[in-house]
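Comments concern the structure below.
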Amino acid sequence: MFSGKIGFIGSGQMATALASGMLSAGLIQKDQLLACDVSSVSAEKFAAVTGGQICPSIAMLTEKADVIFLSVKPQSMAGVLQTLSQVSTSREKLIISIAAGITLATLEAGLGGPGRIVRVMPNTPALVGAGASAFALSQGTQAASANRPSDSQIVRQLLETVGVAEEVPESLMDAVTGLSGSGPAYVYQIIEALSDGGVRVGLPRATATRLAAQTVLGAAQMVLSTKEHPGALKDAVTSPGGTTIAGLHALESGGLRAALMTAVVAATQRAKELGQPPR
Ligand SMILES: NC(=O)C1=CN([C@@H]2O[C@H](COP(=O)(O)OP(=O)(O)OC[C@H]3O[C@@H](n4cnc5c(N)ncnc54)[C@H](OP(=O)(O)O)[C@@H]3O)[C@@H](O)[C@H]2O)C=CC1
Ligand SMILES: O=C(O)[C@@H]1CCC=N1
């Protein structure tokens, strides 16, 4: 259980996924959840899905929350930091940015100096407790004391409640964004395409999508549980002269592996661009 209040500035897709995952896992109750948003549509949806309280202003949310997620788009971050920096109590709070590309240095500068600031890159499967997150701490985060955990422990607890979490050097956060932050979308495309293939060879759509999704889930579970190299697991599926090698040959001809590598590189590059100050 987490005893404090958690606030989200920006209550869109990722905030809803994190909040829902934390509620489902029993880490917090809905009366520990706050959000504020410039979009009434997003705020109303967040409140309907999570039962959290909507605050009319960033100042009010900051007064009430112990941990504050900055879950606005990178392009909206400067304005949020400006507003937050004018709320005197913001310096006491643990501030967690999940925005792609936005560096700890930018967050510190926007908030008026070093503080309890952490950069996190989560992903939307946090909604179902299967998230993959990485985090980087700033110099101003607090160590543990007799009556409270360290900021690092708090962040790890929040993220591990909704999946796995890795602490990484900040220099790797854009790469994490290109791989696991954006990665669920790559996998949804793969599942959709596998399902299309199934329909192409005669399966009903619902059956094809269920088989495709369970196959991706099962293969991922095999990699995590057996700790075998994915190539070795691939070899175990592939009979000489059989069906799988015919399919793998088609994937190689189509450039699947190069396409996925290029996707991670392109998304990482885009995260770096989003972190640059506007010209
Ligand atoms: N979606 C994902 O899978 C992931 C997203 N992220 C990061 O999370 C952040 C949010 O992404 P996502 O949830 O997809 O975005 P959304 O657009 O769904 O949510 C952001 C919300 O913040 C609102 N907003 C904008 N400015 C302010 C403000 N000043 N005060 C309060 N609310 C504001 C937006 O309103 P309006 O639309 O009107 O601008 C919108 O409702 C991004 O920085 C993204 O990089 C990280 C990992 C994964
Ligand atoms: O597409 C984006 O920019 C965000 C960041 C990672 C996932 N979604």
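Just so you know, all these numbers are worked out from the coordinates, no wet-lab data involved. Given the structure is predicted, the values throughout are model-derived calculations rather than measurements. Glycine gets a Cβ as well: all are built from the backbone with ideal geometry, and neighbour counts include every protein chain shown.
Remarks
- Looking only at the range 256-279, and only at residues there that are in a helix (DSSP H, G or I) and over 21 Å from the mean Cα position of the chain (by Cα), the one that is nearest to ligand 2 (Cβ to nearest atom): Ala259
- Some residue of the range 152-170 being surrounded by 15 or more Cβ atoms within 10 Å (Cβ to Cβ) and on the phi > 0 side of the Ramachandran plot: yes
- Residues of the range 52-87 that turn out to be more than 24 Å from the chain's Cα centre (by Cα) and part of a loop (DSSP other than H, G, I, E, B), as a count: 4
- Residue match in the range 50-62 (condition: surrounded by 22 or more Cβ atoms within 10 Å (Cβ to Cβ), of a type in the set (A, V, I, L, M) and within 21 Å of Gly275 (Cβ to Cβ)): no
- Meets criteria (surrounded by fewer than 21 Cβ atoms within 10 Å (Cβ to Cβ), over 19 Å from Thr16 (Cβ atoms) and within 9 Å of ligand 1 (Cβ to nearest atom)) for Gly113: no
- Which listed residue is without any contact (Cβ under 8 Å) to a residue 24 or more places away in the chain, surrounded by 14 or more Cβ atoms within 10 Å (Cβ to Cβ) and more than 16 Å from ligand 2 (Cβ to nearest atom), from Leu224, Leu194: Leu194
To keep it simple, each residue is scored yes or no on (1) more than 22 Å from Ile154 (Cβ to Cβ); (2) near ligand 1 (Cβ under 9 Å from one of its atoms); (3) in a helix (DSSP H, G or I).
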{"residue": "Ser11", "(1), (2), (3)": "no, yes, no"}
{"residue": "Gly21", "(1), (2), (3)": "no, no, yes"}
{"residue": "Arg91", "(1), (2), (3)": "no, no, yes"}
{"residue": "Ile95", "(1), (2), (3)": "no, no, no"}
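Listed here are the residues, each with its yes/no results for (1) in contact (Cβ under 8 Å) with a residue 40 or more places away in the chain; (2) under 16 Å from Ala15 (Cβ atoms); (3) of a type in the set (Val, Ile, Thr); (4) away from ligand 2 (no atom under 16 Å from the Cβ).
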position	(1), (2), (3), (4)
Arg91	no, no, no, yes
Ile98	yes, yes, yes, no
Gly131	yes, yes, no, no
Ile154	yes, no, yes, yes
